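Asks: Just passing along the structure, written as structure tokens.
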Amino acid sequence: MVVVLAVLFSVSIATPWIFSRLGRPTFYLLAAILMAAFVWTLSYIPAVLEAEQGAASGQPNAPPAEIFEWIPQLGVELAFRMDALALALCLLISGVGAAVMLYCARYFPPAETAAGPFAAQLFSFAAAMLGLVLSDDLVMLFIFWELTTILSFLLIGYSAHRVFARRSAIQALIVTTLGGLAMLVGLLWIGQLAGSYRISEIMAAADTLTGVAVDIAMVLILLGAISKSALVPFHFWLPAAMAAPTPVSAYLHAAAMVKAGVYLVARFAPGFHDSTFWLPLVLGLGLATMIVGAYRALRQTDIKLVLAYGTVSQLGFLMMVNGLGTEDAALAGAAMLLAHGLFKAALFMVVGIIDHETGTRDLRVLSGIGRAQKPLLVISVIAAASMAGLPPLFGFVAKEVVFESFYSYALHPADTVSPVWGWVVMVGVVIASALTVAYSARFLWGAFAAKTDDDGAALPATAFRGTPDAVFLASPAVLAGLTVLLALVPGPVQALIEPFATLFDPVAPEVHPTYLALWHGFTPVLGLSVLTWALGLGLFWLRGRVTSEARAVPAALDAERMYRATIRTLDDVAVWLTSKTQRGSLGWYLFIILLVATAAPAGVIAFSGQVWPGEVIVAEQPMQIVLALIIISGGLGAVWAPKRFMAVLMVSLCGWGIAGIFALQGAPDLALTLLLVESIVLVVFVLALRSLPSGIWTQNPTRFRVGRALLGAAFGLVIMCATAIAMGSRIHEPISLEYPWMAYEVGHGRNIVNVTLVDIRVWDTFGEITVLAAAATGVASLIFVKRRDVQRRQLHEVPTGSVGRVLSDKALSPNQIKEVEVARSFATVAREAWLVAGRTLAPEHRSIIFEVVTRLIFHAIVLLSVYLLLAGHNTPGGGFAGGLLAGLAFVLRYLAGGRYELEAAIPFSAGALMGWGLAVACFTGVLPLIFGGQAFQSFIVDLAIPVIGEHHLVSSVLFDVGVYLVVVGLIVDVLRSLGSEIDVRSEQENRRSSTLGHGIHAETSMGVAR
Amino acid sequence: MTLNLTLLVVMGVMMAVGIYLLLERSLTRVLLGIILISNGVNLLILQSAGRAGESPLVRDGMDAEEYLDPMPQALLLTAIVIAFALVSFMLALIYRSWVLARQDEVADDEEDRRVAEAVGAYDPEEDAEVSTETSEFIDELDPNTGKLRTSEYVPEPEQDTADEGPASKQAEQKEGRK
């Protein structure tokens, strides 16, 4: 079964390609393949009929099944099973499918190009439908179920350029998916309750599954069936779906897809027809649908809609009989299912031919077709008579046993319900059947009769564009022929579906099972049939030939209008909510988000029992409180600070305080790293913001200060409570208790934090340095518009004192000139060069002391950073701290000597540095793989170097070298972007603005450059 | 576990102040708010290490419990460096915004504002009245008359908007020609 399904789906994937080669004859191929599937299904008959239908897969007498593991953790399997019910439906799906494909070969114009995807969708629908009935796993069932929904959506929307088709497609999708979602919940629920997702096992255990939970799960499953099979109140999507091409209507919306709901009911009925809400829902909604559909079919002027509402009516009928849950009803239901598939598909095909040949389906226009198109008329009369339940046709045979089963259900009422209901259903079914006779007659009359207009004059006979050839007529003819054949020889069908019926008990012990036959004798049921014919024909005579537009249904009862109003309201609410929460101000969005993030946990904290920590201390030592006060005042200062740099300093104060707390708590690595980071951040801040005005002013002052303050305080409180609760709830030992020995024995290092970074959790670190490289690239791309690492002039080409000379002397006031002169006198070029590029700076921007100090400590710092890197494995330090320290050394060089100094200090591109860093880190990861180890596995190399002595080199130190390079690259990149490049830009800007007479930016820039 | 009130309070204050600044319009303050929030989170992670302990450098004769939990420390170390990269990136953003628009503020989203001002959600695709069609072949030539068969659906001008596909345009043009 799996193989067949896989082949079918593969064919559907290849179909567009085949279609582009073969064109319209592709449909012959597809019909042949489905015919082969039909024959394949027939080959299962002996095995299926001998098997005991209820036996679980795996038992010797179980029906054929195929089971593959899929998600064993969830109990989901690729389970397929061919039992009698599945077999009957497979025959219907593949048989009618083949007929529809053949019909398509004439329905579409020879040169239609859009039909390739259409053919693929239609074919994969057949495959999905087969999968649906063969699935023996709830999850598989749902997947195929939704697959048919999506394919139905695509097929209805075939004429995508028409609003009506698009809207109908969406409507069908929304309605059936709504039911499908409810069904999913129900399926998962029942699967959990039963402890298995295997349908056959659930059915075997159905007797033990009782209770409210099962009842509710069944209601949810029924909801899926009801929406799929277009029962009231979801019936409206099916008539609208008639926007689809007629082959689709014939296949999906008459023979196959809408039967999925009926199939589901038939599938679950053996075990669950006695669940509390089953019969009220199935019989109540089924009866309502049957009568509403049949009544509205009588009022339609479009012959396709007559059939569509007829289908709605018949689906209600099918649902009732398949859900009734007696032995007779099961037999009748399956028979009726097949009968309906045959006659309704044939009738739709006839409508398609008429539409195709005349260009209209309006029965007020069509006239006289019966006289001209005899073969079509014969087919239609047979199929419509079968629909009306006239002998000697299969529709009659099936309807007889349906009446029989409802009759005996009414005669033998269950103890729990009032006997009245059985008769109510019986009467309702008879009335609806009479209506069915009436609309069948109306269909024939509407499509074929010669009519007169209101004045009594004969309408002109509708001409056919051509004569439908044998291929076009073949499919409906074969289906109609089968209707006759199966009525005369009902034995095979009886044999096929009888095993399924044996799953049910008879309605009462003394009732003998009924059987399919044209003649049961003079029974009350035959009388009922005759009654429906008489009533139906009378009704047709009185009301059936009305051609006036159907009277509008009251708005409160029109399900489609209600649906649209619901969707409309949903849209309106969505827009309203969006306009309230997302009104354009990003700050407001954040406010809403944070408000929810505060309120939700606060609610949980308030309304549930909490574990507060038993042990509380104020502080580890008094020093912690002092640091805490510093940090808090830094934070408050950042809010208060009117100037940008003041605020930045305040935030740095927080950072330094936290570094102190780290140190006191026993985390030297953290303290070291944070101190270095805070220093660099401060410099970077100043560099980046120097061209912005120094005051934090804004054009739109933020309102709502109190609200923000309250939200901040509330959020702080909530997170404090959450932290306290989390600390109180902790019961397990930390996993890191194993880290010390792992670090020493496996990672060969004493610094546990460092070994964690470069060995135990090395993948994290590897990810992190990648992020660093990405962030650095982001910074560079924001500042350098074209390309980064532009090769500037060679150092010797740069004129002395040219960098940072922002204003020509003419633009300065006399006082400023004096100041500048004094400054210059301390920095003449004649002095010894402490830095290579020191001379390039404008004299007023040089600081000799700074240059000297930089000169003295630069190399020491770089050496220290290398020491931190190498020693970090055993003592505080490591790649991050080392890299940051080295970066700080370059920051010094840049600040003391300007951008040319930075270039001289590190003549590599930052990108190359980071790339090499990543490459080295990657290399340490890959290297152990070559020697058969795991990625990033550490190993130790013992070196005995003559003078230096014996050394152990741990491979993970090499990884740390990679980290070091990436961090240095990051800082150099940031310096070149936010430092050098902004220098260049603001100098250009200033030169431009000083010639124009503006001085604002010059001032800010000069102030910072010192 | 033992709760350290000082750390708890400092963390709460960092979060509170950070959120206050985060909701500002000035980009610089927003960035400072983010830094303060990340400070708060760092303290939160630090607290999960428990009470103060020995620095996590393996020494002989020391129990594993005596060290300050190294796991949160490793997390913190990466967090600190990542925060630095984030700050640099945001600074570059602020600079860019200043250079391009002379603006260091969070601007309003005009598109959202327009959505917020729109009343109702009328969509002709969904809500316009459309009469049903009585044939699938309305786009084709009628063999009897040689004319186009038209649908009863005549598009209103307001429906003839961007949400109609090109195919529909074509169909309408065809109809219009007739």
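Asks: Testing A:Asp789 on (1) of a type outside the set (Ser, Thr, Tyr); (2) modelled with pLDDT of 70 or more; (3) at positive phi, one condition comes back false. Which one is that?
Replies: If we test A:Asp789 against (1) of a type outside the set (Ser, Thr, Tyr); (2) modelled with pLDDT of 70 or more; (3) at positive phi, just (2) comes out false.
Asks: If you scan the stretch B:65-85, which residues turn out to be aliphatic (A, V, I, L, M), at the interface with another protein chain (Cβ under 7 Å from one of its Cβ atoms) and not in a loop (DSSP other than H, G, I, E, B)?
Replies: Passing the criteria: B:Met71, B:Ala74, B:Leu76, B:Leu77, B:Ile80, B:Val81, B:Ile82, B:Ala85.
Asks: Considering only residues of the stretch A:617-652 that are more than 8 Å from chain B (Cβ to nearest Cβ) and in contact with a strand residue (DSSP E or B) (Cβ under 7 Å, 6 or more places away or on another chain), which is surrounded by the fewest Cβ atoms within 10 Å (Cβ to Cβ)?
Replies: Result: A:Pro642.
Asks: Hey, can you tell me all the residues within the stretch B:44-57 that are at the interface with another protein chain (Cβ under 7 Å from one of its Cβ atoms) and closer than 24 Å to B:Val87 by Cβ?
Replies: B:Leu44, B:Leu46, B:Gln47
Asks: Of all residues in the stretch A:223-249, which are surrounded by fewer than 24 Cβ atoms within 10 Å (Cβ to Cβ) and of a type in the set (Val, Ile, Thr)?
Replies: Answer for the stretch A:223-249, where residues must be surrounded by fewer than 24 Cβ atoms within 10 Å (Cβ to Cβ) and of a type in the set (Val, Ile, Thr): just A:Val232.
Asks: crowded, with 24+ Cβ neighbours inside 10 Å, more than 30 Å from A:Leu42 (Cβ to Cβ) and modelled with pLDDT of 90 or more, is that true of A:Ile170?
Replies: Against the criterion (crowded, with 24+ Cβ neighbours inside 10 Å, more than 30 Å from A:Leu42 (Cβ to Cβ) and modelled with pLDDT of 90 or more), A:Ile170 does not qualify.
Asks: Also: Looking at the stretch A:594-604, is at least one residue in contact with a helix residue (DSSP H, G or I) (Cβ under 9 Å, 6 or more places away or on another chain) and at the interface with another protein chain (Cβ under 8 Å from one of its Cβ atoms)?
Replies: Yes, there is a match, as at least one residue in the stretch A:594-604 is in contact with a helix residue (DSSP H, G or I) (Cβ under 9 Å, 6 or more places away or on another chain) and at the interface with another protein chain (Cβ under 8 Å from one of its Cβ atoms).
Asks: Taking into account only those residues within the stretch A:187-200 that are surrounded by fewer than 19 Cβ atoms within 10 Å (Cβ to Cβ) and of a type outside the set (Gly, Ala, Ser), which is nearest to A:Leu173 (Cα to Cα)? Don't jump to the end; show me each part of the working.
Replies: Taking the stretch A:187-200 and keeping what is surrounded by fewer than 19 Cβ atoms within 10 Å (Cβ to Cβ), we get A:188-189, A:192-193, A:195.
If we keep only those that are of a type outside the set (Gly, Ala, Ser) as well, we get A:188-189, A:192-193.
Details: A:Leu188: 22, A:Trp189: 24, A:Gln192: 28, A:Leu193: 30 Å.
In this case the residue turns out to be A:Leu188.
Asks: What number of residues within the stretch B:19-36 are touching a residue at least 24 places away in the same chain (Cβ under 8 Å), more than 7 Å from every other protein chain (Cβ to nearest Cβ) and either more than 30 Å from A:Gly707 (Cα to Cα) or surrounded by 19 or more Cβ atoms within 10 Å (Cβ to Cβ) (or both)?
Replies: Qualifying residue count, the stretch B:19-36: 3.
Asks: Could you go through the stretch A:659-668 and let me know if any residue there is at the interface with chain B (Cβ under 9 Å from one of its Cβ atoms), of a type outside the set (Asp, Glu) and out of contact with any helix residue (DSSP H, G or I) (no Cβ under 7 Å at 6 or more places or on another chain).
Replies: yes
Asks: Can you tell me how many residues within the stretch A:760-776 are surrounded by fewer than 24 Cβ atoms within 10 Å (Cβ to Cβ) and either under 18 Å from A:Val920 (Cβ atoms) or touching a His at 6+ places or on another chain (Cβ under 9 Å) (or both)?
Replies: 10
Asks: Of A:Pro25, A:Pro46, which residue is under 30 Å from A:Ala332 (Cα atoms) and either of a type in the set (S, T, N, Q) or over 36 Å from the mean Cα position of the chain (by Cα) (or both)?
Replies: Values: A:Pro25 fails: under 30 Å from A:Ala332 (Cα atoms).
Going through A:Pro25, A:Pro46 in turn, just one is under 30 Å from A:Ala332 (Cα atoms) and either of a type in the set (S, T, N, Q) or over 36 Å from the mean Cα position of the chain (by Cα) (or both): A:Pro46.
Asks: Of (1) free of Cβ contacts under 8 Å to residues at least 40 places away in the same chain; (2) surrounded by 24 or more Cβ atoms within 10 Å (Cβ to Cβ), A:Leu220 satisfies all except one. Which?
Replies: Failed condition: (2).
Asks: Looking for whichever is facing chain B (nearest Cβ under 8 Å) and in contact (Cβ under 8 Å) with a residue 60 or more places away in the chain here; the options are A:Gly655, A:Gly614, A:Gly587. Which one fits?
Replies: A:Gly587
Asks: Tell me which residues, restricted to the stretch A:218-236, are of a type in the set (A, V, I, L, M, F, W, C), modelled with pLDDT of 90 or more and under 29 Å from A:Ile199 (Cα atoms).
Replies: Across the stretch A:218-236, the qualifying residues are A:Met218, A:Val219, A:Leu220, A:Ile221, A:Leu222, A:Leu223, A:Ala225, A:Ile226, A:Ala230, A:Leu231, A:Phe234.
Asks: Continuing with the same structure: Are there any helices (runs of 4 or more DSSP H) wholly within the stretch A:43-152 with 2 or more residues that are free of Cβ contacts under 8 Å to residues at least 60 places away in the same chain, and if so which?
Replies: Answer list for the stretch A:43-152: A:45-50, A:84-107.
Asks: Please report, ordered by residue number, the helices (runs of 4 or more DSSP H) entirely within the stretch A:319-397 with at least 3 residues that are out of contact with any strand residue (DSSP E or B) (no Cβ under 6 Å at 6 or more places or on another chain) and among the β-branched types (Val, Ile, Thr).
Replies: Values: elements: A:327-358, A:369-372, A:374-388.
Helices (runs of 4 or more DSSP H) meeting the threshold: A:327-358, A:374-388.
Asks: Which numbered condition trips up B:Met90, out of (1) assigned to a helix (DSSP H, G or I); (2) more than 7 Å from chain A (Cβ to nearest Cβ); (3) within 19 Å of the chain's Cα centre (by Cα); (4) at pLDDT below 90?
Replies: Exception for B:Met90: condition (4).
Asks: Now for a separate question. Could you count how many residues in the stretch A:863-907 are over 27 Å from A:Asp764 (Cα atoms) and assigned to a helix (DSSP H, G or I)?
Replies: Here is the first cut: in the stretch A:863-907, the ones over 27 Å from A:Asp764 (Cα atoms) are A:863, A:889-907.
Still in the running and assigned to a helix (DSSP H, G or I): A:863, A:889-905.
The total comes to 18.
Asks: A further question on this structure: Can you confirm whether A:Val402 is crowded, with 23+ Cβ neighbours inside 10 Å, modelled with pLDDT of 90 or more and more than 46 Å from the chain's Cα centre (by Cα)?
Replies: Considered against the rule, which asks whether it is crowded, with 23+ Cβ neighbours inside 10 Å, modelled with pLDDT of 90 or more and more than 46 Å from the chain's Cα centre (by Cα), A:Val402 comes out as no.
Asks: Mind telling me which of the residues A:Val478, A:Val507, A:Val429 ends up being modelled with pLDDT under 90 and either surrounded by 19 or more Cβ atoms within 10 Å (Cβ to Cβ) or part of a helix (DSSP H, G or I) (or both)?
Replies: Details: A:Val478 fails: modelled with pLDDT under 90; A:Val429 fails: modelled with pLDDT under 90.
Of the residues listed, the single one that is modelled with pLDDT under 90 and either surrounded by 19 or more Cβ atoms within 10 Å (Cβ to Cβ) or part of a helix (DSSP H, G or I) (or both) is A:Val507.
Asks: Scan the stretch A:883-894 and give yes if some residue there is at pLDDT 90 or above, surrounded by 17 or more Cβ atoms within 10 Å (Cβ to Cβ) and farther than 23 Å from A:Ala837 by Cα, otherwise no.
Replies: First, the residues of the stretch A:883-894 that are at pLDDT 90 or above: A:883-894.
Add one more test, that the residue is surrounded by 17 or more Cβ atoms within 10 Å (Cβ to Cβ), and what stays is A:883-894.
Next cut, farther than 23 Å from A:Ala837 by Cα only: A:883-884.
Taking every residue of the stretch A:883-894 in turn, at least one turns out to be at pLDDT 90 or above, surrounded by 17 or more Cβ atoms within 10 Å (Cβ to Cβ) and farther than 23 Å from A:Ala837 by Cα.
Asks: Identify the single condition in (1) at pLDDT below 95; (2) part of a helix (DSSP H, G or I) that A:Arg24 does not satisfy, given that it satisfies every other one.
Replies: (2)
Asks: Quick one: which residue in A:Ala120, A:Ala115, A:Ala98 is within 30 Å of A:Arg24 (Cα to Cα), small (Gly, Ala, Ser) and in contact with a Ser or Thr (Cβ under 8 Å, 6 or more places away or on another chain)?
Replies: A:Ala120
Asks: Check off (1) buried (at least 21 other Cβ atoms within 10 Å of the Cβ); (2) touching a residue at least 40 places away in the same chain (Cβ under 8 Å) for B:Asn39 and give me the number that stays unchecked.
Replies: Among (1) buried (at least 21 other Cβ atoms within 10 Å of the Cβ); (2) touching a residue at least 40 places away in the same chain (Cβ under 8 Å), the lone unmet condition for B:Asn39 is (2).
Asks: Select from the stretch B:95-109 the residues that are part of a helix (DSSP H, G or I) and facing chain A (nearest Cβ under 7 Å) and write down the one among them that is farthest from A:Glu981 (Cα to Cα). Even if it seems obvious, please write down each step before you answer.
Replies: Going residue by residue through the stretch B:95-109, those that are part of a helix (DSSP H, G or I) are B:95-101.
Going one step further and asking which of them are facing chain A (nearest Cβ under 7 Å), we end up with B:95-96, B:98.
On the way: B:Tyr95: 12, B:Arg96: 12, B:Trp98: 15 Å.
In this case the residue turns out to be B:Trp98.
Asks: So, one more: Testing A:Thr569 on (1) more than 9 Å from chain B (Cβ to nearest Cβ); (2) of a type outside the set (Gly, Ala, Ser); (3) within 29 Å of B:Tyr122 (Cβ to Cβ); (4) in a loop (DSSP other than H, G, I, E, B), one condition comes back false. Which one is that?
Replies: Exception for A:Thr569: condition (4).
The values are calculated or read from the model by the stated rules, or taken from the named source; none is laboratory data. Small disclaimer: the values here were computed from a predicted structure and weren't measured. Glycine also receives a Cβ, built like all others from the backbone with ideal geometry; neighbour counts cover every protein chain displayed.
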